[in-house]
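J.: Okay, handing you the structure first.
What follows is calculated from the coordinates using simple rules that are stated; it is not laboratory data. Predicted model only: the values in this text are computed from it and were never measured. Counting neighbours? That spans all protein chains shown, and the Cβs are built from the backbone with ideal geometry, glycine included.
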Amino acid sequence: QVQLVESGGGLVRAGGSLRLSCAPSRSLAGFNDMGWYRQAPGKQRELVAISSSDGRTNYADPAKGRFTISRDNVWNMVHLQMNNLKLEDTGVYYCYSRDGFDNYWGQGTQVTVSS
């Protein structure tokens, strides 16, 4: 069973930055996609950013220009750099991965943006 362990969430003021990290229990090379989703209070889980094994990245509109997803093949981690955070970025952020067989989710890390 694949495990995804997130870290880096916390409380930050609007306009600030956070970097989320996700450490999978096996090599990044085994996944087609790695990415991040988030769920705000009272809302459905939504895509934030995806990094595909072919090098492509895809961002949801709210993340474009502010967030950057990256793969660290040396440390076997995926990062989400979030800049210029807004109040509406508050939520639980989940690491996501997909291989040829299944989808996997982390437990989530809370991000709270305050005014």
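J.: List the chymotrypsin sites (Phe, Trp or Tyr not before Pro) within region 1-102 that fall in a DSSP loop (any state other than H, G, I, E or B) and whose Cβ has at most 11 other Cβ atoms within 10 Å.
T.: Those satisfying the criteria are W75, F101.
J.: Restricting to bridges with both residues inside the chain, how much of the DSSP beta-bridge set is antiparallel, in percent to the nearest 5?
T.: 90 percent
J.: Computed FRET efficiency, Cβ-Cβ of S52 and A14, R0 35 Å: what is it to the nearest 0.05?
T.: Numbers: r = 31 Å, r/R0 = 0.88.
The value I calculate is 0.70.
J.: Can you pull out the trypsin sites (Lys or Arg not before Pro) in region 36-115 whose DSSP state is coil and whose Cβ has at most 10 other Cβ atoms within 10 Å?
T.: For trypsin sites (Lys or Arg not before Pro) across region 36-115 that sit outside H, G, I, E and B with at most 10 neighbouring Cβ atoms in 10 Å, the list reads K43, R56, K64.
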